[in-house]
Amino acid sequence: MAAHYGCGARYLAGGTDLIIHMRRGKLAPEHLIDIRPLAELSGISVGPTVEIGALATHASVEHHPAFQGRLRALVDGARVVGGPQIRNMATVGGNIANASPAADVVPVLMALDATVSCLSATGLRSLPLDGLILGPGRTGLAHGELLTGIAFAMPPEGVAVSFLKAGRRRAMEIASVNIAVRAGLDGDGRLCDLWVVLGAVAPCPVRATSAEAMLLDQRPSDDLLRAAACAAARDCAPIDDVRASAEYRRHLVERLLPRVVRAALASAQAGDPR
Amino acid sequence: MSKVLISLTINGETHELAAEPHRSLLSVLRDDLGLTGTKQNCLEGECGVCSVLLDGKVVNACLLLAVQCEGSRIVTIEGLEDPDGGLHPLQTAFMQHGAVQCGYCIPGMIIAAKGLLDGDPRPTDAVIREAIAGVLCRCTGYQKIVAAVAAAADQMSQKRDGQ
């Protein structure tokens, strides 16, 4: 159907971004293809690989019993999106495709090294989530390509992800800054398996590569975490907007990153509930 | 754009109507079906006064197309009724606790609260606050709304346990 209607068609999932864009005149598709009835895309399965269907709602991620312990960051990311009404409709796939720089679950999925599967008239392909989002509202998906699912390997034991969203209020808020960190400690007490992903501070969620380089293989002292946070603040390219100034965003990154690293390590150590 | 036939199940009744595909559920409820208890405000999913229950889950009617809701059970504020025919305990509690000032957010608040209590009959105040976080109130400061929801939960639990 998408191939038939070409560029004049958009997929409608939860509609919590698309309908608003249409109402504001930002998008004007001639046709909407309602994909919500595709129930087979709404499931979540948890094993050595975790698969989240593109139509899984944020509410279903938030309430999934398996996302406690080292994957708790998925719940933390999902539960701060909008409010209950939004979370009952908004889908993870839609959130990725909408490509807001401030997307909440995306940094967590990036830190989990997730891949997305996409279906088009020419077939199925898989690509890393890291690099799929190109800028505000833009992804590497081709016209008519349908995101069908997101998958990641369960992090090895001793590695966890944590997430923090900074904003002016606790609900119905778009992040001023959000941070996802994946980390563990090796046998020597040194940081390993390290991802630092920053959201709302660049045209798309970004890895703080110089912060990662400073932290990897080092022992996580307070001084090192502070220095890495400074580096991360320099790694990002925030703008001034109604929610926060660029300067304040850098300040938030600098102050909050050590906290998120420590939380990831604590979660890694605590492990998963039996 | 030409109209399509839509069949919507609202508060237990099925309504057959013709509407253009771009019409929101909110607009159809209010303008076609006269169910004006569900309010209209931001039309962006930010204020929650348009909240309805869709298959038991609280959602913003302004962000749903009416055509998407065929085959689903919709409950609006008009559909809340005690099995005995009187007011729903939530409605009574809101009045008794002074939780209503201008009244505009109240249908949204009650629907959100009903969605909560249907799944979690004994929520803490913190959980209540999270459940109503998608409905904005400019008048009350939320305190009495939370108290009313908690009181309704108690009342409903007692009634259930008493049976």
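Just one of the listed residues (B:Gly108, B:Gly34, B:Gly86, B:Gly98) is modelled with pLDDT under 95 and either of a type outside the set (Phe, Trp, Tyr) or out of contact with any Pro (no Cβ under 6 Å at 6 or more places or on another chain) (or both), and it is B:Gly86.
Residues are listed down the side, and each one gets a yes or a no for (1) at positive phi; (2) assigned to a loop (DSSP other than H, G, I, E, B); (3) acidic (Asp, Glu):
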{"site": "A:Ser126", "(1), (2), (3)": "no, no, no"}
{"site": "A:Leu141", "(1), (2), (3)": "no, yes, no"}
{"site": "A:Leu147", "(1), (2), (3)": "no, no, no"}
{"site": "A:Ala151", "(1), (2), (3)": "no, no, no"}
{"site": "A:Glu157", "(1), (2), (3)": "no, yes, yes"}
{"site": "A:Phe163", "(1), (2), (3)": "no, no, no"}
{"site": "A:Ile179", "(1), (2), (3)": "no, no, no"}
{"site": "A:Ala183", "(1), (2), (3)": "no, no, no"}
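Of the set (1) open to solvent by less than 50 Å² (accessible area, probe 1.4 Å); (2) in contact with a Gly (Cβ under 7 Å, 6 or more places away or on another chain); (3) within 13 Å of chain A (Cβ to nearest Cβ), all apply to B:Ser24 but (2).
It is to be established whether one or more residues within segment B:116-125 are within 14 Å of the chain's Cα centre (by Cα), surrounded by fewer than 20 Cβ atoms within 10 Å (Cβ to Cβ) and of a type outside the set (A, V, I, L, M). Yes; the residues of segment B:116-125 include at least one that is within 14 Å of the chain's Cα centre (by Cα), surrounded by fewer than 20 Cβ atoms within 10 Å (Cβ to Cβ) and of a type outside the set (A, V, I, L, M). Checking B:Leu65, B:Leu54, B:Leu33, B:Leu5 one by one, the residue that is at the interface with chain A (Cβ under 10 Å from one of its Cβ atoms), within 27 Å of A:Ile33 (Cβ to Cβ), without any contact (Cβ under 8 Å) to a residue 40 or more places away in the chain and not β-branched (Val, Ile, Thr) is B:Leu54 and no other. Residue count for segment A:111-136, restricted to those that are surrounded by 13 or more Cβ atoms within 10 Å (Cβ to Cβ) and modelled with pLDDT under 95: 1. Here B:Thr38 clears all of (1) under 20 Å from B:Val100 (Cβ atoms); (2) within 12 Å of chain A (Cβ to nearest Cβ); (3) of a type outside the set (A, V, I, L, M, F, W, C) except the condition numbered (2). Scanning for something within 14 Å of chain B (Cβ to nearest Cβ), open to solvent by 70 Å² or more (accessible area, probe 1.4 Å) and assigned to a loop (DSSP other than H, G, I, E, B), does segment A:58-74 turn up at least one residue? Yes, there is a match, as at least one residue in segment A:58-74 is within 14 Å of chain B (Cβ to nearest Cβ), open to solvent by 70 Å² or more (accessible area, probe 1.4 Å) and assigned to a loop (DSSP other than H, G, I, E, B). Within the bounds of segment A:81-88, is there any residue that is out of contact with any Ser or Thr (no Cβ under 7 Å at 6 or more places or on another chain) and of a type in the set (Lys, Arg)? Within segment A:81-88, not a single residue is out of contact with any Ser or Thr (no Cβ under 7 Å at 6 or more places or on another chain) and of a type in the set (Lys, Arg).
Only residues that are surrounded by 11 or more Cβ atoms within 10 Å (Cβ to Cβ) and either touching a helix residue (DSSP H, G or I) at 6+ places or on another chain (Cβ under 7 Å) or at the interface with chain B (Cβ under 9 Å from one of its Cβ atoms) (or both) were counted in segment A:19-34, giving 10. Scanning segment A:149-170 for residues being touching a helix residue (DSSP H, G or I) at 6+ places or on another chain (Cβ under 8 Å) and either surrounded by 19 or more Cβ atoms within 10 Å (Cβ to Cβ) or at pLDDT below 95 (or both) gives a total of 12. Reported count of residues in segment B:68-80, each being open to solvent by 30 Å² or more (accessible area, probe 1.4 Å) and either over 12 Å from the mean Cα position of the chain (by Cα) or within 14 Å of another protein chain (Cβ to nearest Cβ) (or both), is 4.
Out of segment A:1-43, which residues are among the small types (Gly, Ala, Ser) and part of a loop (DSSP other than H, G, I, E, B)? I'd like the intermediate steps shown before the answer.
Applying the first criterion (among the small types (Gly, Ala, Ser)) to segment A:1-43 yields A:2-3, A:6, A:8-9, A:13-15, A:25, A:28, A:39, A:42-43.
Hits for segment A:1-43 are A:Ala13, A:Gly14, A:Gly15, A:Gly25, A:Ala28, A:Ser42, A:Gly43.
Do we find a residue being open to solvent by less than 10 Å² (accessible area, probe 1.4 Å), within 12 Å of chain A (Cβ to nearest Cβ), touching a residue at least 12 places away in the same chain (Cβ under 8 Å) and at positive phi anywhere in segment B:41-50? Yes, because at least one residue in segment B:41-50 is open to solvent by less than 10 Å² (accessible area, probe 1.4 Å), within 12 Å of chain A (Cβ to nearest Cβ), touching a residue at least 12 places away in the same chain (Cβ under 8 Å) and at positive phi. Residues of segment A:137-148 that are surrounded by fewer than 22 Cβ atoms within 10 Å (Cβ to Cβ), touching a strand residue (DSSP E or B) at 6+ places or on another chain (Cβ under 8 Å) and under 30 Å from A:Ser176 (Cβ atoms): A:Thr139, A:Gly140, A:Leu141.
The values are calculated or read from the model by the stated rules, or taken from the named source; none is laboratory data. Source: prediction; values computed, not measured. No Cβ is skipped: glycine too gets one built from the backbone with ideal geometry, and neighbour counts run over all protein chains shown. Side chains included, ligands, DNA and RNA excluded: accessible areas come from the protein's heavy atoms. Shrake-Rupley method; radii C 1.70, N 1.55, O 1.52, S 1.80 Å.
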